[in-house]
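The structure under discussion appears below in the form of structure tokens.
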Amino acid sequence: MRTYVLKRLLLVVPTLLGVASLVFVIMRVIPGDVALLILGGDAGNVDQKQLVAMRAQLGLDQPLLVQFGTWLWGVLRLDFGTSLWTGQPVTEELLIRLPLSLELALLATLVSVLIAIPLGMLAAVRQDTWVDYAVRIVSIGGLAIPSFWIGILCILALVIFFGWGPPLEFTPPWVDPWANLEMMLWPVLTVGYRYSAVTTRMTRSTLLEVLREDYIRTAWAKGLRERAVVIRHALKNAMLPVVTLIGTEFAFLIGGLVVTETVFTLNGIGRFVVDAVAHRDYPVVQALVFLIAFSFVVVNLLVDLTYAWFDPRIRYR
Amino acid sequence: MATRVVLTHGTASATLAPRLTLADEVVKFVRTKPLGAAGAAIILGMLAVAASAHALAPYDPYRADYGLQFARPSLEHWFGTDEFGRDVLSRIMYGARIALFVGFTASFAGCTIGALLGVTSAYLGGKVDLLLERLMDVLLAFPQLILALAIASILGPAVQNVVIAIAIPIIPRAARVVRSAALSVKENVYVEAVHALGASRPRVMLQHIMPNVMAPYIIIVTAQLGSAILAEAALSYLGLGAAEPTPSWGLMLSGSALSYAEKAPWMPIFPGLAISLGVFGFNLFGDSLRDALDPKLRGR
């Protein structure tokens with residue numbers, strides 16, 4: 001197990017280095033000059049001296065390799081630099097938006113689990129009946145319907161029928177839980193429904209697999225009630241892939257909800273990256289892409305390690 | 001339906017397993033996988049609408065009619081008109097072309113490149129495998145939207161650039177699936193045999209391994225089709241896809257459709273329905289196809 005863990009940990013390094021290089025290159029290839037954007041002009045009407053001074057101030061006059069080295073060295077010391085626009089440390093800017101994104105991801109995951117596990121279980125136990133078909137249609141539908149469209153319809157219905165729109169200002173739940181809920185409820189429900197679809201299908205298929213195992217037949221033969229067989233014996237053993245799937249989804253949800261955040265005008269991490277790309281705010285984009293990739297890689301690592309922990313066959317491959 | 005085959009030597013005869021004609025296969029698929037058949041029907045309908053949009057559409061999707069802005073759904077305009085007085089139904093019909101074009105090309109290109117890389121990775125092994133796998137890791141970990149954003153900023157917002165932005169994240173997923181399938185195919189005796197006969201590496205990969213990983217390849221192509229259509233809608237909605245006045249479903253949901261949504265709710269409702277129905281069809285079909293092709297799931 002130790003060699004396996006060590007090997008997997010070592011493989012994380014080139015992946016993150018690759019992501020860091022890729023985002024650095026992409027940001028430099030995108031046309032547009034941040035110094036020019038900050039001075040707010042076209043190439044014609046901005047004083048050249050001012051432009052050169054601004055570039056020097058932002059550290060953009062240095063060779064690309066030096067810039068890349070400085071950035072990597074900063075990442076190693078957990079210093080992500082300062083935003084080119086606000087001059088604030090990127091970490092501080094990030095911390096302003098993190099609570100919203102984290103809460104959204106957490107609640108949406110919770111909603112998806114509450115929908116998915118019972119539905120998936122029901123579909124597996126009643127396989128090939130109308131219950132199964134209904135659950136599958138609902139879950140495939142959840143994958144097919146764009147979540148931003150449901151979001152649009154939600155807002156539209158609220159505005160038309162109740163003359164009420166969700167608040168625009170984010171209130172942390174520890175300040176005013178009610179105002180917070182008012183804002184988060186609809187995004188959480190739309191995202192939760194969509195991601196429940198994936199989990200429902202996973203629950204159904206792994207449970208179907210487990211229900212064919214010998215020990216389940218034994219449990220039936222012992223004369224246990226259906227509830228005991230399904231929940232106590234089958235569900236417990238089917239949960240591992242489901243739990244890991246939920247983990248990967250959660251990691252994705254933190255930074256991946258750009259469209260939902262746009263629909264509900266939420267000021268979260270997703271919008272933050274997109275705005276930063278539009279502003280050519282290199283340190284912010286680099287830091288956020290790196291952190292999103294980092295959480296993705298770490299969650300995947302944890303998933304693989306959990307599997308290896310439970311299933312010794314994986315370690316020796 | 002059993003076919004009796006008399007061998008030419010005339011001495012022996014054998015009864016082969018019933019061979020199904022194409023029609024029989026279709027009937028069997030519809031019987032055993034009603035959901036998949038429903039999906040196929042939706043896809044066929046969408047293809048038909050896209051192919052004959054010029055004949056079916058009651059109006060020109062680009063023609064503005066300022067006398068008829070925000071017309072309610074009526075007998076003349078079934079799905080109403082938008083802020084330029086353009087017929088929403090006609091725009092949705094033409095939009096099917098874009099959705100299908102982006103879906104098929106992105107999914108096909110991404111999966112094919114991924115499959116080639118996966119087979120190479122599995123067959124050559126060693127350093128090549130290690131390197132390609134790390135490259136796939138990087139692509140998987142990189143946020144898709146940032147990639148799309150960058151591509152749109154570098155190449156400009158256009159339908160064909162959206163295809164690139166959607167195809168790239170598909171590559172590592174396809175590569176993973178095909179690589180693991182190719183790893184087991186590679187161990188077969190026939191691969192060793194063609195090797196011993198002196199076949200070159202590309203020949204072994206393309207002629208002998210590739211055909212044997214077709215099942216996972218087809219599964220992943222169909223699985224990615226729906227999500228590619230959805231991705232196109234999301235990117236166009238964010239203004240990174242097709243530009244006005246292209247009748248893209250995602251674009252029809254963004255911008256003006258939202259600001260006028262209260263006044264003209266049909267503007268966002270119908271394109272969204274079209275996206276959902278199309279992706280729903282592809283997902284239903286892909287799901288059943290996976291069940292039918294994947295030996296592990298067969299007979300469930």
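Bear in mind that the values in this text are calculations on the coordinates, not laboratory data. Just so it is clear, the structure is predicted and the values come from calculations on it, not from any experiment. Here the Cβ positions follow ideal geometry from the backbone for every residue, glycine too, while neighbour counts run over all protein chains shown.
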- Item | Choice from A:TYR282, A:TYR195, A:TYR133 showing the highest fluctuation, given a GNM over chain A with Cα pairs closer than 10 Å | A:TYR133
- Could you please state, rounded to a whole Å, how far the C-alpha centre of segment B:63-120 is from the C-alpha centre of segment A:194-216? 36
- Based on the Kirkwood radius over alpha-carbon pairs, what is the Stokes-Einstein translational diffusion coefficient of segment B:205-266 at 4 °C with 1.567 mPa s viscosity, in µm²/s? 92
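How would segment A:139-295 be classified by its alpha-carbon gyration tensor: rounded, prolate or oblate, with rounded meaning a/c under 1.5 and the a/b versus b/c comparison settling the rest? Don't skip to the answer; put the middle values down first.
Numbers: a/c = 2.76, a/b = 1.82, b/c = 1.52.
The shape class here is prolate.
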- Query: Taking chain A as a Gaussian network, Cα atoms linked when under 10 Å apart, which of A:THR306, A:THR109, A:THR265 shows the biggest mean-square fluctuation?
  - Reply: A:THR306
- Mean projected area in nm² (Cα convex hull; one quarter of hull surface) for the protein assembly as shown: 37.9
- Taking amide H positions as placed 1.01 Å from N in the peptide plane, with prolines and chain starts having none, which residues 5 or more places from A:THR82, or on another chain, fall under 5 Å of its amide H? A:VAL90
- Backbone HN-Hα couplings from phi across segment B:227-241 [Karplus 6.51/-1.76/1.60, Hz, Gly and Pro as x]: 5, 5, 4, 5, 5, 4, 4, 5, 5, 5, 4, 7, x, 9, x
- Note on the structure: Rounded to a whole number, the Stokes-Einstein D of segment A:76-215 in µm²/s (Kirkwood radius over Cα pairs; 4 °C; 1.567 mPa s) is 73
- Query: Sorted from largest down, what three extents in whole angstroms do the Cα atoms of chain A have along their principal axes?
  - Reply: 86, 61, 34
- Message: What are the equivalent ellipsoid semi-axes of chain B, built from the alpha-carbon gyration tensor (square roots of five times its eigenvalues), in whole angstrom, biggest first?
- Response: 43, 28, 14
- Calculated from backbone phi, Karplus (6.51, -1.76, 1.60) coupling profile of segment A:126-134 in Hz, x at Gly/Pro: 9, 4, 6, 9, 5, 4, 4, 4, 4
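Using the Kirkwood radius over C-alpha pairs as Rh, can you work out the diffusion coefficient of segment A:147-239 via Stokes-Einstein at 10 °C, viscosity 1.306 mPa s, in µm² per second? Provide the component values of the computation, followed by the final result.
Numbers: Rh = 16.7 Å.
Once the numbers are plugged in, D ends up at 95 µm²/s.
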- Message: Using only the alpha-carbon atoms, how far is helix B:34-51 inclined from the longest principal axis of chain B? Give it as 0 to 90 degrees, nearest 10.
- Response: 60
- Residue by residue through segment A:73-87, the couplings from Karplus 6.51 cos²θ - 1.76 cosθ + 1.60 with θ = phi - 60°, in Hz, x for Gly and Pro, are 4, x, 4, 4, 9, 6, 10, 8, x, 10, 5, 5, 8, 9, x
- Query: Taking chain A as a Gaussian network, Cα atoms linked when under 10 Å apart, which of A:VAL25, A:VAL258, A:VAL273 shows the biggest mean-square fluctuation?
  - Reply: A:VAL25
- Message: How tilted is helix B:159-186 with respect to the longest principal axis of chain B? Cα atoms for both, answer in degrees (0 to 90, nearest 10).
- Response: 20
- Long-range amide H partners of B:ARG86 with built H, under 5 Å: B:ASP65
- Using only Cα atoms, find the angle between the long axis of helix A:2-29 and the longest principal axis of chain A, and express it within 0 to 90 degrees, rounded to the nearest 10. 40
- For q = 0.18, 0.20, 0.28 Å⁻¹, Debye-computed log10 I/I(0) when each Cα of segment A:16-76 counts as one equal scatterer: -0.72, -0.84, -1.19
- Item | Neighbour count of at most 16 Cβ within 10 Å plus DSSP loop: longest GluC sites (Glu not before Pro)-free window in chain B | B:77-186
- What is the Cα centroid distance between segment B:190-267 and segment A:234-304, reported in whole angstrom? 22
